[in-house]
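Everything on this sheet refers to the single structure shown next.
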Amino acid sequence: RYEQAQALALADAVRGHREASELLLVDGSHVEKRIEWKQLGRDCAGTPDVRTKGYIVDLKTTKCAHPERFARDATFRSYHAQLAWYLDGVRLSGLGTPAEAYIVAVESTPPHPVTVLRLTDNAIDQGRRLCRIWLERVLGCERDNRWPGYVESIVPFDVDQPLELEFGDDAED
């Protein structure tokens with residue numbers, strides 16, 4: 001019951017946001033429809049949340065939908081690569097050439113603020129580059145049947161700043 005109530009509250013928040021609802025609730029849009037294509041000779045797939053002829057949208061829940069903070073978190077999570085993957089997938093599958101990509105971010109706790117972000121051409125380009133690197137890495141691992149970890153040597157661990165401890169007043173009486 002709690003999860004259902006939370007989902008309904010999130011949906012209400014998104015419906016109540018003019019730009020978000022206009023992007024997500026479009027007649028004739030494709031909602032959570034899997035797309036399949038080939039890239040570098042490999043079968044690929046993806047499921048954008050919403051796909052229209054002109055754009056794609058991904059809906060994300062988050063702890064903080066503040067534009068600057070969410071953009072940092074989204075970059076860390078490579079959401080720009082995910083959307084670039086979908087854009088290329090739509091094009092390569094012959095389903096169109098959407099020109100724009102959006103993220104609708106909604107906070108998971110009340111009052112559920114909503115932020116709509118449009119990916120810039122630079123963000124999409126950087127996302128495409130990441131996808132290309134990752135796909136080439138997977139293809140190399142499959143070809144060589146070798147799946148290395150993050151690193152293959154000892155990695156130094158250091159702390160950026162020394163810890164300064166204060167134990168009260170050092171003045172002598």
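The values are calculated or read from the model by the stated rules, or taken from the named source; none is laboratory data. Bear in mind the structure is a predicted one, so any value in this text is a computation, not a measurement. Please note: Cβ atoms are built from the backbone with ideal geometry, for glycine as well, and neighbour counts cover all protein chains shown. The accessibility values were calculated without ligands, DNA or RNA, using every heavy atom of the protein model including side chains. Shrake-Rupley method; radii C 1.70, N 1.55, O 1.52, S 1.80 Å.
May I ask you to verify whether residue 103 is within 29 Å of residue 140 (Cβ to Cβ) and assigned to a strand (DSSP E or B)?
no
Would you point out which residue out of 149, 94 is on the phi > 0 side of the Ramachandran plot and either part of a helix (DSSP H, G or I) or open to solvent by 30 Å² or more (accessible area, probe 1.4 Å) (or both)?
Checking each option against the conditions leaves just 94.
Exactly one of these conditions fails for residue 36: (1) more than 15 Å from the chain's Cα centre (by Cα); (2) among the charged types (D, E, K, R); (3) open to solvent by less than 70 Å² (accessible area, probe 1.4 Å). Give me its number.
Condition not satisfied by residue 36: (3).
Go through region 5-50 and report how many residues are outside any helix (DSSP H, G or I) and of a type in the set (D, E, K, R).
Qualifying residue count for the region: 9.
Given the conditions (1) open to solvent by less than 30 Å² (accessible area, probe 1.4 Å); (2) of a type outside the set (Lys, Arg); (3) in a helix (DSSP H, G or I), and given that residue 71 satisfies all but one, which numbered condition is not satisfied?
(1)
Name the pairs whose Cβ atoms lie under 7 Å apart, with the first residue in region 70-88 and hydrophobic (A, V, I, L, M, F, W, C), the second open to solvent by 40 Å² or more (accessible area, probe 1.4 Å) and assigned to a helix (DSSP H, G or I), and 6 or more positions between them or separate chains?
Close Cβ pairs satisfying both conditions: 81/130; 84/128.
Does any residue of region 105-113 turn out to be modelled with pLDDT of 95 or more and of a type in the set (A, V, I, L, M, F, W, C)?
Yes: region 105-113 contains one or more residues that are modelled with pLDDT of 95 or more and of a type in the set (A, V, I, L, M, F, W, C).
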